[in-house]
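J.: One structure follows; several queries about it will come next.
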Amino acid sequence: MTSSTIQPLTLDWTETETHLRYSLSDYSLFSLRLVGRTYAVPIAPLLPATFKADLEEFLRSAPGNVPLLCIRNLPIEQHVPRLQSVGGRLQYTLNQCYQYYADLGGNFDQYLASLSTKTRSTLKRKIKKFASLSGGNVDWRVYTAADQMPEYHRLAREVAAKTYQERLFNGAIPGDERFRAQISNLAAANLIRGYLLFLNGAPIAYLHLPIQDGVVEYAYLGYDPAHAEVSPGSVLLYSALQDLFAAQQFSYFDFSYGAGQTKEVFSTAKYLRADVFYFATSLKHYVAAYSHMALDSTSSMLGRTLERINLHTAVKRLLRRTRAAA
């Protein structure tokens, strides 16, 4: 599959539960369960030229009695008002930020050449440093088959239990039976890749990558903080990308939305995107949207203030320790 391939889109709703998460910085307070219909937009390079008009018609044709319509990963040209009335619904736009991705259409050497000289040098130095600890080789393994998923998941969960993502906001690879069944089904359809990094025979990092329509999705990355000084996350991601390029089966690597050094280092492009909620007008939905926006604005203001006085990192560490001890 080449990165230039644009397939016709079928716009269709998925009936699902959506959780509106109320957070203060990385500290999750609670979430509000919302029932409605969702459409997840494919990564921007795969969208046809008619997508904007098609989406407008798609929204107009939605049943009026549905309490919530949610459009995920919608490309936008510029930041838009967070709350406004549109077509008789309350439109709440959140997560307006960049979506990072990498083109997998060439080979790995071409991909590395697209990165800055400094980035290439830094990555090679990290790989060399890690290899020096394990006999000159980087011990990484890829899991793709259904019968490999139990071992992959068990080892990934061993790492996940040690991460701050697990302790702080349940952001590590899930450990429930439903998730285990899901990844086995994906593996049976050749729609998943799981990567593990080992040091002295023990897993220290995992990378979880579902695949949809040839796009590899960056779902979960975690590593044992005891080995943070040897950059296990970066080493594993580098190895995984090398493997994905060698397979020549995929079009793009989708790093998902949000800022992050890893995404900026490994991506080759980005675009502005948002998640848009279209609420049926009701007191419950007005309270949900306005309270969420108020908390989010407060969190952002506090973050900027702490950055100005050089306390942002220290407070985030304190929050992580507090949550871990709870």
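J.: Please determine, by comparing only the residues of the range 52-77 that are part of a loop (DSSP other than H, G, I, E, B) and not acidic (Asp, Glu), which one is surrounded by the fewest Cβ atoms within 10 Å (Cβ to Cβ). Before you say what the answer is, go through the steps one by one.
T.: Filtering the range 52-77 down to residues part of a loop (DSSP other than H, G, I, E, B) leaves 61-67, 76-77.
From the residues that got through so far, the ones that are not acidic (Asp, Glu) too are 61-67, 76.
Details: Ser61: 8, Ala62: 16, Pro63: 8, Gly64: 8, Asn65: 6, Val66: 15, Pro67: 15, Ile76: 13.
Among those residues, the one meeting the criterion is Asn65.
J.: Another one. Please state which one of Gln148, Gln165 is modelled with pLDDT under 95, under 26 Å from Tyr252 (Cα atoms) and assigned by TED's automatic domain parsing to the domain that holds Val235.
T.: Values: Gln148 fails: modelled with pLDDT under 95.
Among Gln148, Gln165, only Gln165 is modelled with pLDDT under 95, under 26 Å from Tyr252 (Cα atoms) and assigned by TED's automatic domain parsing to the domain that holds Val235.
J.: Those residues that are among the acidic types (Asp, Glu) and part of a helix (DSSP H, G or I), I need them from the range 252-264; list them, please.
T.: Filtering the range 252-264 down to residues among the acidic types (Asp, Glu) leaves 254, 264.
Correct list: Glu264 only.
J.: While we're here: Say whether the condition of being farther than 30 Å from Leu46 by Cα and modelled with pLDDT of 95 or more is met by at least one residue in the range 232-250.
T.: Step one: list which residues in the range 232-250 are farther than 30 Å from Leu46 by Cα, which gives 232.
Keeping just the survivors that are modelled with pLDDT of 95 or more gives 232.
Yes, some residue in the range 232-250 is farther than 30 Å from Leu46 by Cα and modelled with pLDDT of 95 or more.
J.: Continuing with this model, one more query. Check the range 58-68 and report whether any residue there is under 26 Å from Ser300 (Cβ atoms) and within 21 Å of the chain's Cα centre (by Cα).
T.: The answer is no; no qualifying residue exists.
J.: So in the range 265-303, with the set limited to residues that are in a helix (DSSP H, G or I) and in contact with a helix residue (DSSP H, G or I) (Cβ under 9 Å, 6 or more places away or on another chain), which one is farthest from Tyr238 (Cα to Cα)? Walk me through how you get there before you give the answer.
T.: Taking the range 265-303 and keeping what is in a helix (DSSP H, G or I), we get 265-266, 283-303.
Still in the list and also in contact with a helix residue (DSSP H, G or I) (Cβ under 9 Å, 6 or more places away or on another chain): 265-266, 302-303.
On the way: Val265: 11, Phe266: 8, Leu302: 35, Gly303: 31 Å.
Per the criteria, the residue is Leu302.
J.: Go through the range 250-285 and give me each residue that's more than 15 Å from the chain's Cα centre (by Cα), touching a residue at least 60 places away in the same chain (Cβ under 8 Å) and surrounded by fewer than 14 Cβ atoms within 10 Å (Cβ to Cβ).
T.: Those that are more than 15 Å from the chain's Cα centre (by Cα), touching a residue at least 60 places away in the same chain (Cβ under 8 Å) and surrounded by fewer than 14 Cβ atoms within 10 Å (Cβ to Cβ): Thr281, Ser282.
J.: Just name the residue that is nearest to Leu283 (Cα to Cα) out of those in the range 78-100 that are touching a residue at least 40 places away in the same chain (Cβ under 8 Å) and part of a loop (DSSP other than H, G, I, E, B).
T.: So the residue we want is Gly88.
Results for (1) at pLDDT 90 or above; (2) in contact with a Leu (Cβ under 9 Å, 6 or more places away or on another chain), shown as yes or no for each residue.
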{"residue": "Ile211", "(1), (2)": "yes, yes"}
{"residue": "Val216", "(1), (2)": "yes, yes"}
{"residue": "Gly222", "(1), (2)": "yes, yes"}
{"residue": "Ala226", "(1), (2)": "yes, no"}
{"residue": "Phe266", "(1), (2)": "yes, yes"}
{"residue": "Thr305", "(1), (2)": "no, yes"}
{"residue": "Ile309", "(1), (2)": "no, no"}
{"residue": "Leu318", "(1), (2)": "no, no"}
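Residue-by-condition table, conditions (1) in a helix (DSSP H, G or I); (2) surrounded by fewer than 16 Cβ atoms within 10 Å (Cβ to Cβ); (3) touching a Pro at 6+ places or on another chain (Cβ under 8 Å):
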{"site": "Gly175", "(1), (2), (3)": "no, yes, no"}
{"site": "Arg178", "(1), (2), (3)": "yes, yes, no"}
{"site": "Ala187", "(1), (2), (3)": "yes, no, no"}
{"site": "Tyr195", "(1), (2), (3)": "no, no, no"}
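J.: So, in the range 221-246, exactly how many residues are more than 18 Å from Ala156 (Cβ to Cβ) and either polar (S, T, N, Q) or not assigned by TED's automatic domain parsing to the domain that holds Tyr206 (or both)?
T.: Of the residues in that region, 2 qualify.
J.: Only one of Leu155, Leu112, Leu123 is farther than 21 Å from Thr18 by Cα, in contact with a Pro (Cβ under 8 Å, 6 or more places away or on another chain) and part of a helix (DSSP H, G or I). Can you tell me which? Reasoning before the result, please.
T.: On the way: Leu112 fails: in contact with a Pro (Cβ under 8 Å, 6 or more places away or on another chain); Leu123 fails: in contact with a Pro (Cβ under 8 Å, 6 or more places away or on another chain).
Leu155 is the lone residue from the list that is farther than 21 Å from Thr18 by Cα, in contact with a Pro (Cβ under 8 Å, 6 or more places away or on another chain) and part of a helix (DSSP H, G or I).
J.: May I ask you to list pairs of residues, at least six apart or on different chains, whose Cβ atoms are under 6 Å apart, with the first in the range 105-121 being closer than 17 Å to Ser234 by Cα and the second being of a type in the set (Val, Ile, Thr)?
T.: That search, which allows pairs on different chains as well, returns Thr119/Val265.
The values are calculated or read from the model by the stated rules, or taken from the named source; none is laboratory data. Computed from a predicted model, the values in this text were never measured in an experiment. Note that each Cβ is placed from the backbone with ideal geometry, even for glycine, and that neighbours are counted across all protein chains shown.
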